[in-house]
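To start, the structure itself, in structure tokens.
The values are calculated or read from the model by the stated rules, or taken from the named source; none is laboratory data. It should be emphasised that the depicted structure is a prediction, and the values quoted were computed from it without experimental measurement. Cβ coordinates were reconstructed from backbone atoms using ideal geometry, including for glycine residues, and neighbour counts include every protein chain displayed.
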Amino acid sequence: MPSRLRPFVGPLLILVLWEIAGRFGLVASGALPAPSAILARLAVDWSDYPGHIFATLFGAGLGFLIGNGIAIAAGVLFALYPVTSRVARGLNVALFALPPIAISPILVLTFSDPVPRVVLAAIGCYFVTMTATLVGLTQADARSVDVVRAYGGGRFKVLALVQARIALPVILSGLRIAAPNAVLGSILAEFGGGGRWGLGVYLLGSLGRGEPDRLWGIGLVATLIAGLAYLAFVVLARAVTGSSQAVTVPTSVLRSTDRPRPAWQQGLIVLASIALPLALWWALLAVLKVPAMLAKTPPALYDYLFGLPGSPATQAKLVAALAQTLPMTLLGMVAGLAIAFVLALGTQLTPRLIRALLPVALVTQTMPLVALTPLLVLLVGRGPAVILWVTISVTFFPAFVTMAQGLLLVPRAALELPRAYGATVWQQLRLVSVPASLPYLFAATRLTAPRALLGVMIAEWLATGTGLGNLLNQSRGYLDYGMIWAVAVLSVLVSVAFYQAVVLVERRVLGRLGMAVAE
Amino acid sequence: MGDPAGISLRRVSKSFEARGKLTEALREVNLACAPGSFTALIGPSGCGKSTILRLALGLETASGGEIAVAGKPPAEATGGGITGVAFQDAALLPWRSVEANVALPLDVLGRDRKPYRDKIAELIELVGLAGYEHALPAELSGGMRQRVAIARALVTRPEVLFLDEPFGALDQILRRQMNIELQRIWMESRATTLLVTHGIDEAVFLADRVVVMASRPGRITRVIDIDLPRPRRPELFNDPAFHRLEAEIAGALDGH
Ligand SMILES: Nc1ncnc2c1ncn2[C@@H]1O[C@H](COP(=O)(O)OP(=O)(O)OP(=O)(O)O)[C@@H](O)[C@H]1O
Ligand SMILES: [Mg+2]
């Protein structure tokens, strides 16, 4: 067989098997329609699509532009003035950890149409791109920076001549992840209800009607859009990074450049970083003049949770939901990370694997997980298993990209050195690849923790009717604003707490090994 | 102090704190390089040679003592564009061509590249890289990259030149050639030069003065004047007087 055709054999085989399984209703008694049936249905429904696609894409595109614009500006600011990143830390972590679905009802009940989409799409982009910008800007080889500084160059010269160029491919890989995130954010905004247009609306509307072929069609179209957005940045990154691989072995990463400060300043910075998100929450409600009935300020929420006669019942509901949600989140996350870690190490052994894997990762993982959930429900039913499947799916992709990207940065010389001493592949993995991937494993864990919670909540909302996701959906139905806010804030707090725990472990482990944290 | 283009370190100390451990890299170092002089710095690995250069370039701040380059604080001198530097590692920007890497100091100092076009071409030729002007660092060997770094150090016509083992990555033959070229450049420009080296022969051949250091803590143990007439020719490497000086330095390095 000509070797050019070989890559197509696998997918073709899958397609044929899928067709057969669909034709004869072999999977989950017909929940998996044949590709031909899905396409036929797509053709029938085609006139419905343009309006829905446009609504989703418009929100995603606008949010992408706004979110990334803010993110890059923030990343540059944080890199130039490290103290600002410390003050904004609380806000950054909250924005990052916030499960978009948790604030979707709030946004939809408070604002009119494109705003919720744009906000959630922008939030989906912000942290990824801000972090990429900051990491890219600060990972500049210290020796190159020294050359510029040795001629009296200040921070702006270093930024313009060295850091910006080094950051570019990193920022592009951030945008690559941000693009499907924006699509996902836009669709999640449609969950809040109320709208007529959007792929999410279409999906929710079709979910109750039990038409697997239509659901699959919507899922495939949503995936295609997210995949194309991702692909655009792959192409762009390849064009830009073609000839700028690091040439010499970077032995040092720029240290965090904020100078040591006296204790009272440290304390002030920590206080400011905690106060900032709360102040912003309050200020936004005040500035936008949101009616007090809809919008809970921090004290109003406190009152709802602890000051009213119904408060103990509220608390009990929240605790019970949390007890259902947390274990699933942990389990799904660990499984997703483990698979991603093994596959990322695999790419070190056979670089061809990354080329073979990325398209697969694309199709199954770029698929906006909301679109994925109904399909998984069809396939595995409404039991707890579906939560796990959704969670693994949403954690695997970003974790894999983070680790594979990180391992690509391991200098060739470092990889070849053990080989030069006759090391086996396993020794090379143990001596170089695994230690080198540690900072990225931690980075991936930080990145995926909130996504795992999001995945669980979506599955709970759409499928199982348990946990925080279900509580949110129910409260939305009852217009129980207090509970909607309580669940939103609780989800963010859980997410932030989890993130902080990972950071603490990471600092200890990497500190002991003398490695830099990939912040 | 107040030398037109000299280097002066007075009772300079430097300690590093890394992972809770304090390293005394330099203790009470006194060093004065007269304008137009050529000083070689030699000593065991880790004795603080690079640290002296980095302090003089303002890349680190001293824990104690005073440093002046051309009578000014380091930051002022480097920002004024009167210094040139080549580090132990070429540290080229991988996305810039040879030519653009050589021009980097001009970009940092905000100078127009145009008036320097001939100078850049001449320097690239001088380090034997004619024809590679548009090559990227990844396409060069380690020695070639190091030569680009040397050309880069000279592009601003520096009055004070800092060289940190610039020929460490070159083979012996090329190294001798570059030594002879460096002497020629130095005699033409009379830039005050501080050269860090591990090669005793290189130090004796090039320098007016060899400063010998010892480690833990980093300090200067001896200063040996080299009174050999200039221009020094390759035959000098086989001269008995040359060998006597080499032996003296080797002895000083061993702690005699
Ligand atoms: N950034 C740093 N952090 C901690 N310690 C440092 C740092 N830079 C240098 N040192 C320590 O200072 C001492 C002197 O280092 P320096 O690089 O000046 O040595 P050197 O004489 O140039 O050695 P070599 O000949 O190997 O280049 C060493 O013990 C080194 O470990
Ligand atoms: Mg050194």
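Of the numbered criteria (1) touching a residue at least 40 places away in the same chain (Cβ under 8 Å); (2) more than 30 Å from A:Leu468 (Cα to Cα), the one A:Thr84 fails is (1). Being touching a Cys at 6+ places or on another chain (Cβ under 8 Å) and at pLDDT below 90 is true of B:Gly6. Does B:Thr156 satisfy the condition of being in contact with a Lys or Arg (Cβ under 9 Å, 6 or more places away or on another chain) and either within 15 Å of B:Gly84 (Cβ to Cβ) or modelled with pLDDT under 90 (or both)? Criteria met by B:Thr156.
When B:Pro73 is tested against (1) more than 11 Å from chain A (Cβ to nearest Cβ); (2) touching a helix residue (DSSP H, G or I) at 6+ places or on another chain (Cβ under 8 Å); (3) over 19 Å from B:Ile200 (Cβ atoms), only condition (2) is not met. When the criteria are applied in full, B:Pro35 fails the requirement of being in a loop (DSSP other than H, G, I, E, B) and within 13 Å of B:Ile220 (Cα to Cα). Scan region A:58-98 for residues that are part of a helix (DSSP H, G or I) and closer than 19 Å to A:Phe111 by Cβ and the total you get is 12. Just one residue in the set B:Arg27, B:Arg111, B:Arg11 is more than 29 Å from B:Arg175 (Cβ to Cβ) and in contact with a Pro (Cβ under 7 Å, 6 or more places away or on another chain); that residue is B:Arg27. Of the residues screened, B:Leu41 is one that is more than 14 Å from chain A (Cβ to nearest Cβ), under 21 Å from B:Gln88 (Cα atoms), touching a residue at least 12 places away in the same chain (Cβ under 8 Å) and within 16 Å of ligand 1 (Cβ to nearest atom).
Of B:Glu17, B:Glu24, all but one fail to be within 9 Å of ligand 1 (Cβ to nearest atom), in a strand (DSSP E or B), surrounded by fewer than 19 Cβ atoms within 10 Å (Cβ to Cβ) and free of Cβ contacts under 8 Å to residues at least 60 places away in the same chain; the exception is B:Glu17. From the list A:Lys317, A:Lys289, the one residue that fits, being within 20 Å of A:Leu479 (Cα to Cα) and not in a helix (DSSP H, G or I), is A:Lys289.
In region B:80-89, is there at least one residue being within 12 Å of ligand 1 (Cβ to nearest atom) and more than 8 Å from every other protein chain (Cβ to nearest Cβ)? So far as region B:80-89 goes, yes, one or more of its residues are within 12 Å of ligand 1 (Cβ to nearest atom) and more than 8 Å from every other protein chain (Cβ to nearest Cβ).
Among the residues making up region B:195-216, a single one is within 16 Å of ligand 2 (Cβ to nearest atom) and either basic (Lys, Arg) or assigned by TED's automatic domain parsing to the domain that holds B:Gln146 (or both): B:Arg216. When the residues of region A:150-198 are filtered to those that are of a type in the set (D, E, K, R) and in a helix (DSSP H, G or I), the one that is surrounded by the fewest Cβ atoms within 10 Å (Cβ to Cβ) is A:Arg155. Residues of region B:116-154 that are surrounded by 14 or more Cβ atoms within 10 Å (Cβ to Cβ) and assigned to a loop (DSSP other than H, G, I, E, B): B:Val127, B:Gly128, B:Leu129, B:Tyr132, B:Glu133, B:Ala135, B:Leu136, B:Leu140. A:Phe127: farther than 16 Å from A:Ala182 by Cβ and not hydroxyl-bearing (Ser, Thr, Tyr), yes or no? For A:Phe127, the condition - farther than 16 Å from A:Ala182 by Cβ and not hydroxyl-bearing (Ser, Thr, Tyr) - is not met. Would you be able to say whether some residue in region B:215-225 is within 13 Å of ligand 1 (Cβ to nearest atom) and in contact with a Pro (Cβ under 7 Å, 6 or more places away or on another chain)? Checked region B:215-225: at least one residue is within 13 Å of ligand 1 (Cβ to nearest atom) and in contact with a Pro (Cβ under 7 Å, 6 or more places away or on another chain). Against the definition (within 12 Å of another protein chain (Cβ to nearest Cβ) and away from ligand 2 (no atom under 16 Å from the Cβ)), how does B:Gly142 come out, yes or no? So B:Gly142 passes the test. Just a yes or no: is a residue in region A:380-392 touching a helix residue (DSSP H, G or I) at 6+ places or on another chain (Cβ under 8 Å) and modelled with pLDDT under 75? Looking through region A:380-392, none of the residues is touching a helix residue (DSSP H, G or I) at 6+ places or on another chain (Cβ under 8 Å) and modelled with pLDDT under 75. Tallying residues that are aliphatic (A, V, I, L, M), modelled with pLDDT under 90 and more than 22 Å from B:Ala70 (Cα to Cα) within region B:175-203 yields 2. Taking residues in region B:48-69 that are without any contact (Cβ under 8 Å) to a residue 40 or more places away in the chain and within 18 Å of B:Ala153 (Cα to Cα), and partners anywhere that are away from ligand 2 (no atom under 16 Å from the Cβ) and outside any helix (DSSP H, G or I), the pairs with Cβ atoms closer than 8 Å and at least 6 places apart or on different chains are B:Gly58/A:Gly152; B:Gly58/B:Pro73.
Looking only at region B:155-178, residues that are away from ligand 2 (no atom under 16 Å from the Cβ), more than 9 Å from the chain's Cα centre (by Cα) and either assigned to a loop (DSSP other than H, G, I, E, B) or within 14 Å of chain A (Cβ to nearest Cβ) (or both) come to 8 in all. Just to check your reading of the model, which residue among B:Ala56, B:Ala70, B:Ala75 is within 16 Å of ligand 1 (Cβ to nearest atom) and closer than 27 Å to B:Leu26 by Cβ? Exactly one residue qualifies, and that residue is B:Ala56.
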